[in-house]
1. Can Met61 be described as of a type in the set (A, V, I, L, M, F, W, C) and either at positive phi or at pLDDT below 90 (or both)?
2. Return the residues of region 59-103 that are within 18 Å of Tyr17 (Cα to Cα), free of Cβ contacts under 8 Å to residues at least 12 places away in the same chain and surrounded by fewer than 15 Cβ atoms within 10 Å (Cβ to Cβ); say none if nothing qualifies.
3. Check whether at least one residue in region 73-85 is small (Gly, Ala, Ser), closer than 17 Å to Pro40 by Cβ and at pLDDT below 95, and report yes or no.
4. Considering only region 33-55, I want to know if a residue exists there that is surrounded by fewer than 13 Cβ atoms within 10 Å (Cβ to Cβ), part of a loop (DSSP other than H, G, I, E, B) and modelled with pLDDT under 90.
Amino acid sequence: MSQDYNPNDLKVNKNNYFNVAYKILLYLKYCYENGTDVNPDVLSPDNIGISEKQFVLTLQMLLEDGYIKGVSLKSTIQGPTIICNIQNTYATSSGLQYLVENSMMTKAYKVSKEVRDWIPLFK
């Protein structure tokens with residue numbers, strides 16, 4: 001039995017691109033691994049805690065970098081961009097690789113930080 005995905009897990013402390021992109025890809029990975037469709041209420045700027053503009057720009061960058069597919073962005077005459085087919089969004093193999101690499105970098109950082117904390121003990 002798979003655990004339910006908690007939408008509150010998408011909250012980010014820092015709204016930089018890497019944190020937001022990581023959270024989006026992490027949710028798409030969850031959907032892939034559990035055979036579930038993307039829920040637009042979960043994959044939303046409000047749920048992630050960012051502006052609509054930042055959400056659209058992040059999706060655009062993820063699309064351009066080849067990390068996601070399925071969603072499309074349409075510009076309007078008035079300026080705002082419309083997000084189409086968000087429920088069809090999925091992480092590509094490059095997007096999944098991004099998650100693995102960033103997870104390894106996070107672990108390496110934590111280990112190096114722990115080592116720095118231990119060093120004074122050996123003096």
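1. Numbers: of a type in the set (A, V, I, L, M, F, W, C): yes; either at positive phi or at pLDDT below 90 (or both): no.
Against the criterion (of a type in the set (A, V, I, L, M, F, W, C) and either at positive phi or at pLDDT below 90 (or both)), Met61 does not qualify.
2. Glu64, Gln97, Val100, Glu101, Ser103
3. Here is the first cut: in region 73-85, the ones small (Gly, Ala, Ser) are 75, 79.
Retained after the next criterion (residues that are closer than 17 Å to Pro40 by Cβ): none.
Taking every residue of region 73-85 in turn, none turns out to be small (Gly, Ala, Ser), closer than 17 Å to Pro40 by Cβ and at pLDDT below 95.
4. no
The values are calculated or read from the model by the stated rules, or taken from the named source; none is laboratory data. A quick note: this is a predicted structure, and the numbers were derived from the prediction, not measured. Because the Cβ atoms are built from the backbone with ideal geometry, glycine has one as well, and the counts that use them run over all protein chains shown.
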